[in-house]
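Have a look at the structure below, then the notes.
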Amino acid sequence: MTDTNARETLIDLLHGVERFNTEVFPKNRELFASLADQQSPGTLFIACADSRVNPSLITQTKPGELFVLRNIGNIVPAYGEMLGGVSSAIEYAVLALKVSHIIVCGHSDCGAMKALLDPDPSKLAKMPTVASWLRNAEAARAVLEVSDAGPASVRSLAEQNVLLQISHLRTHPAVAAGLARNTLTLQGWFYDIPSGEVVILDEASRHFVSVHDAIETLRAATAASRAQAQSA
């Protein structure tokens, strides 16, 4: 990117800020006023840092509804492996913000998954921190039998990676306590960029189901719980 292009990109961003200040913010003044001194998101959303993945756009949520944690490969190191930004964000979300749900969302054409499927030593040698980070997803690749890094293989690995990171989440003390108290639920998603489709992980079968089927399952469980409570 030339210096001119770089400046034009920054100018575009600043124009966006101007539009936010003059158009978007005034239309949502009450919402932002309600968020000025507090936040109470119901969900911790763990997503890849990929620029094509927009959690608020995908979920159609407003500011204040999602506590978003993003990194390369939507990875959650097992507790104690790499204590830092990810583990502290999870701990804060569960214990301080008291979120009710944690979602791990993988996506198609993920560069992290491509690197795991077809690692290029020359490239990774220049990015030792990335190489170290990706080891937290290595177990997902180990369970797959693939011989290429094509779209289907990348998707399969991304889905397995979601399953792996859900299991890593369970090793975090705050998460384990929330699950034991039934105050916290975990869910895995996969977002297909070209189609816009999102599928949901059914932990019982360890397969992904449609959003519609996931909604119906949750509705049935909610109705059953209400009926049980009324009969008690």
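The values are calculated or read from the model by the stated rules, or taken from the named source; none is laboratory data. What you see is a predicted model; the values in this text were computed from it and never measured. Because the Cβ atoms are built from the backbone with ideal geometry, glycine has one as well, and the counts that use them run over all protein chains shown. Calculation scope for accessible area: heavy atoms of the full protein, side chains included, ligands and nucleic acids excluded. Shrake-Rupley method; radii C 1.70, N 1.55, O 1.52, S 1.80 Å.
Observations on the model:
- Near-label residues of region 173-204 by backbone N, under 19 Å of a point 7 Å along Cα→Cβ of A229: 179-186
- Here each label is just a point 7 Å from Cα along the line to Cβ, and for Q60 and H207 those points are 2.8 nm apart.
- Label point distance in nm, T22-L10, each placed 7 Å from Cα along Cα→Cβ: 2.1
- Estimated translational D of region 111-198 in µm²/s (Stokes, Kirkwood radius over Cα pairs; 25 °C; 0.890 mPa s): 168
- Overall form of region 1-103 per C-alpha gyration tensor (a/c, 1.5; a/b vs b/c): oblate
- Amide H contacts of T185 (H built 1.01 Å from N, in plane; Pro and chain starts excluded): H101, I102 sit under 5 Å, all sequence-distant by 5 or more or on other chains.
- Nearest-10 value in Å² for the accessible area of D120, using the 1.4 Å probe: 60
- Put simply, the convex hull of the Cα atoms in the chain casts, on average, a shadow of 16.8 nm².
- Sites listed here are trypsin sites (Lys or Arg not before Pro) in region 67-116 whose DSSP assignment is loop and whose Cβ has at most 13 other Cβ atoms within 10 Å: K98.
- Here K114 is the anchor, and the lysines within straight C-alpha reach of less than 27 Å, apart from those fewer than 8 places off in the same chain, are K123, K126.
- Fraction of accessible area attributable to carbon and sulfur, region 92-178 (%, probe 1.4 Å): 57
- Coil-residue trypsin sites (Lys or Arg not before Pro) of region 126-217, DSSP, other Cβ within 10 Å capped at 15: K126, R170, R181, R206
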